[in-house]
Amino acid sequence: MLLSIEMLLAVAFFVVMVTRNGFLKPTWQQWGILGLQIVSVWCLIHLFISDVYPEFMFAKDVISVFFSAVFVFAALKDRHESDVYRSHHQQASTK
């Protein structure tokens with residue numbers, strides 16, 4: 001019973017964090033969002049593998065790293081797009 005509540009909370013936390021992005025947010029918020037996204041994926045994978053597929057516990061960290069890389073690449077994209085957007089609007093405002 002406790003594991004199903006933990007799994008439900010982990011899924012809810014993961015879904016909430018998937019919907020967040022760092023576009024046009026300050027750097028500290030971008031890092032905070034990225035950190036929470038990585039924590040959410042690690043918690044979800046740990047709970048899922050330990051409950052459903054315990055024979056894959058040895059690969060839990062490797063799987064988590066690859067899923068976390070998706071959030072890292074998305075954060076880098078958001079960061080790049082934010083910088084491009086800001087520099088474009090600074091150039092437009094100086095004209």
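The values are calculated or read from the model by the stated rules, or taken from the named source; none is laboratory data. From a predicted model like this one, the values you see are computed outputs, not experimental measurements. Cβ coordinates were reconstructed from backbone atoms using ideal geometry, including for glycine residues, and neighbour counts include every protein chain displayed. Heads up: the accessible areas ignore ligands, DNA and RNA and are worked out on the full protein's heavy atoms, side chains in. Shrake-Rupley method; radii C 1.70, N 1.55, O 1.52, S 1.80 Å.
Here are the numbers for the structure shown:
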| read-out | value |
| --- | --- |
| Residue list for the stretch 2-59, restricted to those being of a type in the set (Lys, Arg) and either farther than 22 Å from PHE73 by Cα or under 10 Å from the mean Cα position of the chain (by Cα) (or both) | ARG20 |
| Answer from LEU8, LEU24, LEU34 - the residue that is more than 20 Å from PHE58 (Cα to Cα) and either open to solvent by 80 Å² or more (accessible area, probe 1.4 Å) or of a type in the set (D, E, K, R) (or both) | LEU8 |
| Cβ pairs under 6 Å, 6+ apart, first in the stretch 8-34 and touching a residue at least 24 places away in the same chain (Cβ under 8 Å) and over 22 Å from HIS46 (Cα atoms), second of a type in the set (Gly, Ala, Ser) and open to solvent by less than 80 Å² (accessible area, probe 1.4 Å) | GLY22/ALA75; PHE23/SER82; LEU24/SER82; GLN30/GLY22 |
| Hey, PHE58 loosely packed, with under 14 Cβ neighbours inside 10 Å, assigned to a helix (DSSP H, G or I) and out of contact with any Gly (no Cβ under 7 Å at 6 or more places or on another chain) or not | yes |
| Out of ALA92, ALA69, sole residue that is modelled with pLDDT under 90, assigned to a helix (DSSP H, G or I) and either open to solvent by less than 70 Å² (accessible area, probe 1.4 Å) or in contact with a Lys or Arg (Cβ under 7 Å, 6 or more places away or on another chain) (or both) | ALA92 |
| Test for ASP83: is it free of Cβ contacts under 8 Å to residues at least 24 places away in the same chain, open to solvent by less than 80 Å² (accessible area, probe 1.4 Å), acidic (Asp, Glu) and assigned to a helix (DSSP H, G or I) | yes |
